[in-house]
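Data first, discussion second: the structure below is written as structure tokens.
The values are calculated or read from the model by the stated rules, or taken from the named source; none is laboratory data. Quantities reported herein were computed from a predicted structural model and do not represent experimental measurements. All Cβ positions, even for glycine, are placed from backbone atoms using ideal geometry, and neighbour counts span all protein chains on display.
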Amino acid sequence: MPMLRIEHFGGMFPLLDGNLLPDYAADQMINGFIQSGQIRPLTALESIYNVVNNATRSVFRVPISKPGIDNMIDSYWLEFPNENTWVVRNPSSGLAHGGTFYWADGTTANYTTKDRIVAGQPTLTLGMPAPHTAPGVVVTGGTTPTETRAYVYTWVSQYGEESQPSPATLVTGNASGTWTITLTAPTAPDLAGRAFGAFRIYRTVTNQQGVATFFFVVSLPYASFTGSIAGTTLTATNPVTGTIAVGQTITGTGVTAGTTITAGAGTSWTVNNSQTVASTAMQAMTLTYADTIPSGTVALNDELESTNWAPPPAGLNGLVNLPNGMIAGFVADEVWFCEPYRPHAWPPQYVLGVDAPIIGLGVQQQSLVVLTTGFSYMAIGIKPSAMVLSKVVGLEPCTAMGSIVSAPEGVMYTSVNGLIVVSAGVGVNATARLVRKDQWPKLLYLPNLHASYINRSYFAVSSPNDGVFQENTYQVATALSDPLGAFARRDFQGARNGVYIALSEERWGLGIYASDLPTQNVIQDIWTGETMILRGGSGGGGGTVYHLDLRKFDRFSNYTWRSKIFQTTYKENWAAAKVFYKQPPITPDQPTKFRMYVDDGSLNLRLIMERTLPASGQQFRLPSGYKSDLMQFELEGQLHISNVQIATSARELRNA
């Protein structure tokens, strides 16, 4: 056999037997980075945030100022106990309140703003409940002709979330009269977790064809604050949320019923009932309105839009942004859509049903990809009312919500058969030529894993499970088909380990990510596209958020790169080797080792040499006293390896 010269190093191809691999391929690669053709250590993880809550399983980053990759440490953070909490941004243009962020974890749907984060204010419940009680309407005065009107009112949050309307009240009276409208205040459960802002009153105007339409009449202010009352003086403590105004009714613990504001401004107001109330949470609201506006004027106002604007359904999960202001989520086997540019409103009329429980959603260009425990689907349309479902070709059930990644190549996720990429209505197994079906569930714990897209590769880490690869260099071999005892030996994968799978370059293959700390989650930063890893912690949560920055030269750990099993036509003694390498920008803190394995006479490989590499390109001798037709070498360390040369004699190696 001619001298071996290995360069343009590649990744792993577990599908192939160890001695059938391409010469450049690895039988094992751990924490190695080979995209340049050299063997290099995987870049170090840069700590950017220590979580506060030990129960945290996922995080979301909100930049303090600059959102770029070099400023990731300068951020505010949201922490979540549910590892599958996906956060989306407001689909509307502009950055009111510093930006608004929404999420739903299968239990509740919530949101917050950057301004609230900065102020240390709690997150809010998404959506507004509809008023339960119809308005009271009394008509007095005026002259004929008479007119029949219906009145409704809605509740509106400080962030513009408008509820569905109340039940309607239908009244006939003199058109020129005074129509006094009485509203019902929201109850404590209605207010819980919400930033109530105002009441909006609507009434019908009937056109010449006899069609009645609701038009906006007036918005009545609402405020919440901490206040106290001494005699008839109300003192409101800042900050006041909403607007306090004369004529408003005051409610709160210990406040006399029917207390209203008669005068005042700022934080000092006069009320009609003398009383003593210690500092407590209070609300100020206007619950009556005298409507004297002519119908012709009202008809120039906006029509009622929120008739079908229901709050998010119970159990909403997996929010994703779509074009044209849409946000999609799912509940059980239903796909839900918000009203365009209205993330608080989820009309039931937009729901699409599929034939299996939904695991999660992804986005491919203009299309929503629905991944289930059965067939996958694509929903296509420019607005929620026009979305059309079609089945994705190929039955590939999704195994884990955390495995779903939306990337330029398509929506990627794990099935029991491999890594599936959905694009243009077709699901393709991207690992069909890389990993066997029986190997796949040993690489990753398929029911629970988390993934991201990094440098044209799929990076995933899972929970503990039975491993694929051998425990250590010296593990006992089992057979020629598995000369290193590589399979079914230990829990090599799991919360400390993962894989990265190349999607664009065949040579890159697959690599193993091995960590000394358990991984809680892998998160794609929506501001930069960078990969963040939540590691460490105790009790199944907590820890530190790290940035996996491929630009950096700091090493994550030593790499291990093991060659294919080279098989010669006859037994011989490999006598000499050279390894060419470059020093990394950061000086290694450990030597790089070269190991050699040969046939032990029973078709199993044994270690016959381990040594530290000499100077780059310097020839070194290999052990003598054996002959073998099977040979394998391994490199472990931090040097940047360019090529390896091995020959049966020093002369052969020198003359190469």
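List of remarks:
- Taken together, the residues in the range 97-118 that are without any contact (Cβ under 8 Å) to a residue 40 or more places away in the chain and either among the basic types (Lys, Arg) or surrounded by fewer than 21 Cβ atoms within 10 Å (Cβ to Cβ) (or both) amount to 5.
- Unique match (being among the aliphatic types (A, V, I, L, M), in the same structural domain as Thr243 (by TED's automatic domain parsing) and out of contact with any Phe, Trp or Tyr (no Cβ under 7 Å at 6 or more places or on another chain)) among Val331, Val277, Val298: Val277
- Considering the range 1-94, the qualifying strands (runs of 3 or more DSSP E), each wholly inside and each with 3 or more residues that are under 30 Å from Asn317 (Cα atoms), run over 45-50, 58-63, 75-80, 86-89.
- Qualifying residue in the range 253-260 (condition: at pLDDT 90 or above, outside any loop (DSSP other than H, G, I, E, B) and either surrounded by 12 or more Cβ atoms within 10 Å (Cβ to Cβ) or among the basic types (Lys, Arg) (or both)): yes
- The listed residues are Ile48, Ile69, and the only one of them that is modelled with pLDDT under 95 and within 27 Å of the chain's Cα centre (by Cα) turns out to be Ile69.
- The range 514-547, residues that are more than 21 Å from the chain's Cα centre (by Cα) and in a strand (DSSP E or B): Ala514, Ser538
- Flag if Val211 is out of contact with any strand residue (DSSP E or B) (no Cβ under 7 Å at 6 or more places or on another chain), more than 14 Å from Ser279 (Cα to Cα) and surrounded by fewer than 21 Cβ atoms within 10 Å (Cβ to Cβ): yes
- Verdict on Ser563 being modelled with pLDDT under 95 and hydroxyl-bearing (Ser, Thr, Tyr): no
Per-residue answers, yes or no, for (1) in a strand (DSSP E or B); (2) modelled with pLDDT under 95; (3) crowded, with 21+ Cβ neighbours inside 10 Å:
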| residue | (1), (2), (3) |
| --- | --- |
| Thr148 | yes, no, no |
| Ser166 | no, no, yes |
| Leu170 | yes, no, no |
| Gly173 | yes, no, no |
| Asn238 | yes, yes, no |
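- Residue that is nearest to the chain's Cα centre (by Cα), among those in the range 269-287 that are β-branched (Val, Ile, Thr) and at pLDDT below 95: Thr280
- Enumeration of residues in the range 188-208 that are surrounded by fewer than 17 Cβ atoms within 10 Å (Cβ to Cβ) and assigned to a strand (DSSP E or B): Thr206
- Residue that is modelled with pLDDT under 95 and surrounded by fewer than 18 Cβ atoms within 10 Å (Cβ to Cβ), where the choices are Gly266, Gly242: Gly266
- Summed over the range 314-342, the residues that are part of a loop (DSSP other than H, G, I, E, B) and under 18 Å from Gln164 (Cβ atoms) give a count of 5.
- Looking across the range 578-591, not a single residue is closer than 22 Å to Ala650 by Cβ and polar (S, T, N, Q).
- Scope the range 176-190; condition modelled with pLDDT under 95 and in contact with a strand residue (DSSP E or B) (Cβ under 8 Å, 6 or more places away or on another chain); matching residues: Ala185, Pro186, Asp190
- Some residue of the range 378-389 being touching a Cys at 6+ places or on another chain (Cβ under 8 Å) and under 24 Å from Val522 (Cα atoms): no
- Residue selected from the range 607-646 under the condition buried (at least 17 other Cβ atoms within 10 Å of the Cβ) and among the charged types (D, E, K, R), by the criterion farthest from Gln28 (Cα to Cα): Glu636
- Note on the range 269-286: among residues that are over 16 Å from Thr187 (Cα atoms) and of a type in the set (Val, Ile, Thr), the one that is surrounded by the fewest Cβ atoms within 10 Å (Cβ to Cβ) is Thr276.
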